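Student: Take this structure first; my questions come after.
The values are calculated or read from the model by the stated rules, or taken from the named source; none is laboratory data. No experiment lies behind these values; they were computed from the predicted model shown.
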Amino acid sequence: MKNDEKKIEAFIDKLIANETLEQPALDFTNKVMTEVEAISNSTATVYKPLIHRSVWLLIGVSFVALVGYIYLKEPITSSGWLGRFNLSNISVNPLENIAINFSSTLMYAFVLLAIMVSIQVPLLKHYFNKRNVF
């Protein structure tokens, strides 16, 4: 077994010794650099926002116009500028008329789900961060 390995190794050494090193062409570097420049000059993805700048400008102007209209519509009835907005009709609690009774089993399930998610998210984050090391 060792004798066979020595023969194979000697044969490989003999083959390698007879081979000469290949020399690259004289303009090899120029060809490579030309290809690199062609790739770098290619059209790259240009950032295009999802909402165009003119649309944002229109949204901003319309918001300012709406606030200005509300501010200037009502005559001054109080000493502060917040008095013009008539905030007395706004309900602070939108769920005051809704009554939902949860069973204790459902509450235990939600608490257990919250605990499991709070444990699994950091573990999965650590796993994927460790796996995607560059």
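Student: Being at pLDDT below 85 and assigned to a helix (DSSP H, G or I) is the filter here, so list the residues in the range 36-59 that pass it.
Tutor: Within the range 36-59, 36, 37, 38, 39, 40 meet the criteria.
Student: Within the range 11-25, track down each residue that is more than 51 Å from the chain's Cα centre (by Cα) and assigned to a loop (DSSP other than H, G, I, E, B).
Tutor: Scanning the range 11-25 gives 19, 20.
Student: Just wondering, is there one or more residues in the range 73-92 that are of a type outside the set (Lys, Arg) and modelled with pLDDT of 80 or more? So that I can check it myself, show each step before the final result.
Tutor: Our first condition is that a residue be of a type outside the set (Lys, Arg); within the range 73-92, this holds for 74-83, 85-92.
From the residues that got through so far, the ones that are modelled with pLDDT of 80 or more too are none.
Looking for residues that are of a type outside the set (Lys, Arg) and modelled with pLDDT of 80 or more, one finds none in the range 73-92, hence no.
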